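Only one structure is covered here, and it is reproduced in the block below.
The values are calculated or read from the model by the stated rules, or taken from the named source; none is laboratory data. Keep in mind that this is a model prediction, so the values were computed, not measured. Because the Cβ atoms are built from the backbone with ideal geometry, glycine has one as well, and the counts that use them run over all protein chains shown.
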2 protein chains.
Amino acid sequence: MMTDEVRVTQEALKAFCRQVFRTLRLAEEDADTAADVLVAADMRGIPSHGVARLPRYVRGLRSGLMCADVSPEVVLETPSSLVIDARGAMGAPVSARTMRQVITKAREVGAAFGCVRDSNHFGIAGYYAMLALDPALTEMDMIGLAMTNTAALGVPTFGRDPMFGTNPLAFAAPADEERAFVLDMATTVVTRGKVEVYGRRRARLPEGWAVDETGQPATDPEHVLHNLTYQIGGGIVPLGGLGERFGGHKGYGLAVMVDILCGVLSGAAFGADISDEPGSTARVSHFFGALRVDTFREPQAFRQDMDRLLCSLRSLPPAAGEARVYFAGLKEFEYAAACRRDGIPLPRKVYDQLMETGAACDVPLPAVRTVGGANC
Amino acid sequence: MMTDEVRVTQEALKAFCRQVFRTLRLAEEDADTAADVLVAADMRGIPSHGVARLPRYVRGLRSGLMCADVSPEVVLETPSSLVIDARGAMGAPVSARTMRQVITKAREVGAAFGCVRDSNHFGIAGYYAMLALDPALTEMDMIGLAMTNTAALGVPTFGRDPMFGTNPLAFAAPADEERAFVLDMATTVVTRGKVEVYGRRRARLPEGWAVDETGQPATDPEHVLHNLTYQIGGGIVPLGGLGERFGGHKGYGLAVMVDILCGVLSGAAFGADISDEPGSTARVSHFFGALRVDTFREPQAFRQDMDRLLCSLRSLPPAAGEARVYFAGLKEFEYAAACRRDGIPLPRKVYDQLMETGAACDVPLPAVRTVGGANC
């Protein structure tokens, strides 16, 4: 275990975040959801969307960039659809509530969808898609879908200017004995966070991640990030990479598809109009869906075939030099199991920031968990 | 103009295909649809899925591998869903009929989906997604969705054996003055057809398209195709390429998502169980969806925002050395317009094969169109 890492139980971490959010006037249910979404990201091995974001959320709520006490407004509702104006609220609570309503609608009519507009960062998309699998929400087998647009940083194929965000999409489908299939992916080749990691390490980016302001391959992370911050041009390329040779136009198409379903369909901002200014966060929009399995097939038979499919994938002989073949979500479920057993690992720096954030709100710091005597 | 290319009008080509299908006992409506789907592929610049496939379809129908005179069976139907067993019919007619029914259902309930199982090759996925935009089918603004699984040739990230097909997904959304947004993409980095083109040219494949039977990068197209034909191992990698560095696990996840919606949800074959044997074609399954725009937003406002989005994309300054930025579907619409003006270009070899196919069915050959005196 690295000495610059500490471990905290999920319960302690969640209680801490919840209390911090409560001091910022979030309603009890909203504070609970916001905490749950952050900790879920750490548990799934996506720390860029985890509690490391808490200080940013606290600053957003304090400054009023995110609104703690607005009531999201129903813009349009039909038996199969829902459009919610979040009015600048935090993303997670309004998103979870909307996905729950979408699930309730799908229970009635078979398939339902919802948009949330004028929202803020909602954490990991997979969280909402997976609500469709939550037996506490529905005993029916459902397939869940979640997407969001984000601040523009992605450059269209053959272009030079950012026109879409990382625009993730998530898709969750239940299995029986196997873990569920949970795809949760940015439609850009990588996220901004990955470029930042290379920047901190002063390493060159792999060619095929980013372009400069002329649209040519860029491998200097500082230059790419500087260009993004000051809106000079260039940015991250879509899934599939530069040009069309490896299918970059496909990732570009997926990113725009997500923007159409989130931004255009909800009547909100889209494309280059979504941007993070220094000191503000982008107002983004989300799209959620739920599909009842039994409107197609007997659910138990579906689950058993899902088992066959997923087991056949994870049992594959690996390529020479590789250890294992996964299916989407499996790595994350295994990581979560390890976190439940050993606590959630946090870099010391993140832990110290949480301590500061807690101190400013008079919320006690989560206790560091001792693991097998190797406390750190 | 190359001398080994001829041009035929879309009307003549469609009439020819329709007559050929009629001689093979396809009902009038089915023959019409099958012809329309083939010619639509050529018109959209996807000749691999166009009339070049006619001889293969004719062989399939003659040998009974595709059934001309079966009646697809409704397995399950609800107000928002439909599962059809094609019973080995040609893919295009049953697919178009199912998508039309899905659109009718979406008119009633807002969002509807349909699966077709035990079907055959259905041509281009985009054709069916675009039916949702066809004013002859519905005056309502809709978003269309179409997917299919195909014979396994795609190798999971870190694996060495094919477990999924090119598994394309298509998404179509209407605009107002702009052409519609039509994404139609294989979820593998390339299709088998592209590897075959490199094989015929005796060129090396770009590294990052395929792996050999040990899961290592393969650049010899003959070797890759031989391995696929004889099921030795190896194949094409997912969108995002080899390993996880450029997001190959995302394309892998998308391919499995398509298989879940097509194969598992319809109760049909999936994964490695779908394979083309020499002399037979894979029995595949499809998934279709339609979403009414007005259940989210006033349709005219949606179309106008689509115009703004799509215009902003195609008006971007291109990267240094590139001519233009497109959005998904734009290139194909422009190509189709040129085909309407100048005729559809066919390689002489394809034209000769059509001539043979026509002669065997007593169907007269489509006339070659003279273009601006430069007949060829």
Restricting to region A:239-250, name every residue that is facing another protein chain (nearest Cβ under 7 Å) and either in contact with a helix residue (DSSP H, G or I) (Cβ under 6 Å, 6 or more places away or on another chain) or within 24 Å of B:Gly144 (Cα to Cα) (or both).
A:Leu239, A:Gly240, A:Gly241, A:Gly247, A:Lys250
So, of the residues in region B:254-285 that are more than 8 Å from chain A (Cβ to nearest Cβ) and of a type in the set (Ser, Thr, Tyr), which turns out to be nearest to B:Val189 (Cα to Cα)?
B:Ser275
Could you list, in sequence order, all residues of region A:234-247 that are surrounded by 24 or more Cβ atoms within 10 Å (Cβ to Cβ) and in contact with a Ser or Thr (Cβ under 9 Å, 6 or more places away or on another chain)?
A:Gly234, A:Gly235, A:Ile236, A:Val237, A:Pro238, A:Leu239, A:Gly240, A:Gly247
Under 9 Å between Cβ atoms, which residue pairs at least 6 apart in sequence (or on different chains) link something in region B:115-130 that is under 11 Å from B:Met90 (Cα atoms) with a partner that is among the charged types (D, E, K, R) and assigned to a strand (DSSP E or B)?
B:Asp118/B:Asp85; B:Ser119/B:Asp85
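One line per residue, one yes/no per condition, for (1) at pLDDT below 95; (2) farther than 16 Å from A:Leu265 by Cα; (3) in a helix (DSSP H, G or I); (4) within 14 Å of chain B (Cβ to nearest Cβ):
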position: A:Arg107; (1), (2), (3), (4): no, yes, yes, yes
position: A:Cys115; (1), (2), (3), (4): no, no, no, yes
position: A:Ala136; (1), (2), (3), (4): yes, yes, no, no
position: A:Glu139; (1), (2), (3), (4): yes, yes, no, no
position: A:Leu145; (1), (2), (3), (4): no, no, no, yes
position: A:Thr166; (1), (2), (3), (4): no, yes, no, yes
Every residue in region A:345-362 that is in contact with a helix residue (DSSP H, G or I) (Cβ under 9 Å, 6 or more places away or on another chain), hydrophobic (A, V, I, L, M, F, W, C) and within 23 Å of A:Arg44 (Cα to Cα), please.
A:Leu346, A:Val350, A:Leu354
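Would you point out which residue out of B:Val51, B:Val39, B:Val75, B:Val94 is surrounded by 23 or more Cβ atoms within 10 Å (Cβ to Cβ), in contact (Cβ under 8 Å) with a residue 24 or more places away in the chain and under 30 Å from A:Ala111 (Cα atoms)?
Just a single option satisfies the conditions, and that option is B:Val94.
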Does B:Gly289 satisfy the condition of being buried (at least 24 other Cβ atoms within 10 Å of the Cβ), assigned by TED's automatic domain parsing to the domain that holds B:Val102, more than 29 Å from B:Gln101 (Cα to Cα) and of a type outside the set (Phe, Trp, Tyr)?
no
Provide a single number: the residues in region A:168-188 that are among the β-branched types (Val, Ile, Thr) and either out of contact with any Lys or Arg (no Cβ under 9 Å at 6 or more places or on another chain) or at pLDDT below 95 (or both).
1
I need the full set of residues from region B:118-131 which are under 22 Å from B:Val58 (Cβ atoms) and either more than 13 Å from the chain's Cα centre (by Cα) or part of a helix (DSSP H, G or I) (or both), in order please.
B:Asp118, B:Ser119, B:Tyr127
One residue is enough: does region A:95-109 have a residue meeting the conditions out of contact with any Gly (no Cβ under 7 Å at 6 or more places or on another chain) and over 23 Å from A:Ala172 (Cβ atoms)?
no
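Here is a list: A:Pro299, A:Pro238. Which entry is more than 28 Å from B:Tyr326 (Cβ to Cβ) and of a type outside the set (Ser, Thr, Tyr)?
Details: A:Pro238 fails: more than 28 Å from B:Tyr326 (Cβ to Cβ).
A:Pro299 is the lone residue from the list that is more than 28 Å from B:Tyr326 (Cβ to Cβ) and of a type outside the set (Ser, Thr, Tyr).
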Looking only at region A:209-233, filter to residues that are in contact with a strand residue (DSSP E or B) (Cβ under 7 Å, 6 or more places away or on another chain) and assigned to a loop (DSSP other than H, G, I, E, B); which one of those is surrounded by the most Cβ atoms within 10 Å (Cβ to Cβ)?
A:Gly215
Selection over region A:187-208 where residues are among the aliphatic types (A, V, I, L, M), surrounded by 19 or more Cβ atoms within 10 Å (Cβ to Cβ) and not in a loop (DSSP other than H, G, I, E, B) yields a count of 1
Residue pairs, Cβ under 7 Å, 6 or more apart or interchain, first in region A:311-324 and loosely packed, with under 13 Cβ neighbours inside 10 Å, second of a type in the set (Gly, Ala, Ser). List them.
A:Ala320/B:Gly215
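So that you can scan it fast, the table gives a plain yes or no per residue for (1) touching a helix residue (DSSP H, G or I) at 6+ places or on another chain (Cβ under 8 Å); (2) in a loop (DSSP other than H, G, I, E, B); (3) under 23 Å from A:Leu265 (Cα atoms):
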residue	(1), (2), (3)
A:Arg53	yes, no, no
A:Arg56	no, no, no
A:Arg59	no, no, no
A:Ser71	no, yes, yes
A:Val75	no, no, yes
A:Ala92	yes, no, yes
A:Ser95	yes, no, yes
A:Met99	yes, no, yes
A:Thr104	no, no, yes
Output for region B:132-160, where each listed residue is surrounded by fewer than 24 Cβ atoms within 10 Å (Cβ to Cβ) and over 14 Å from the mean Cα position of the chain (by Cα)
B:Leu133, B:Asp134, B:Pro135, B:Ala136, B:Leu137, B:Thr138, B:Glu139, B:Met140, B:Asp141, B:Phe158, B:Arg160
Restricting to region B:16-58, name every residue that is charged (D, E, K, R), out of contact with any strand residue (DSSP E or B) (no Cβ under 7 Å at 6 or more places or on another chain) and on the phi < 0 side of the Ramachandran plot.
B:Arg18, B:Arg22, B:Glu28, B:Glu29, B:Asp30, B:Asp32, B:Asp36, B:Arg44, B:Arg53, B:Arg56
Within region A:168-186, which residues are part of a loop (DSSP other than H, G, I, E, B) and under 21 Å from A:Tyr127 (Cβ atoms)?
A:Pro168, A:Pro174, A:Ala175, A:Glu178, A:Arg179, A:Ala180, A:Ala186
Can you list the helices (runs of 4 or more DSSP H) found entirely within region B:286-376 that contain at least 3 residues being in contact with a strand residue (DSSP E or B) (Cβ under 9 Å, 6 or more places away or on another chain) and facing another protein chain (nearest Cβ under 10 Å)?
B:299-314
So, first residue facing chain A (nearest Cβ under 8 Å) in region B:180-208, second residue among the basic types (Lys, Arg), Cβ within less than 6 Å, six or more apart or across chains; the pairs are B:Met185/A:Lys250
Hey, B:Glu244 hits all of (1) in contact (Cβ under 8 Å) with a residue 12 or more places away in the chain; (2) within 24 Å of the chain's Cα centre (by Cα) but one; which does it fall short on?
(2)
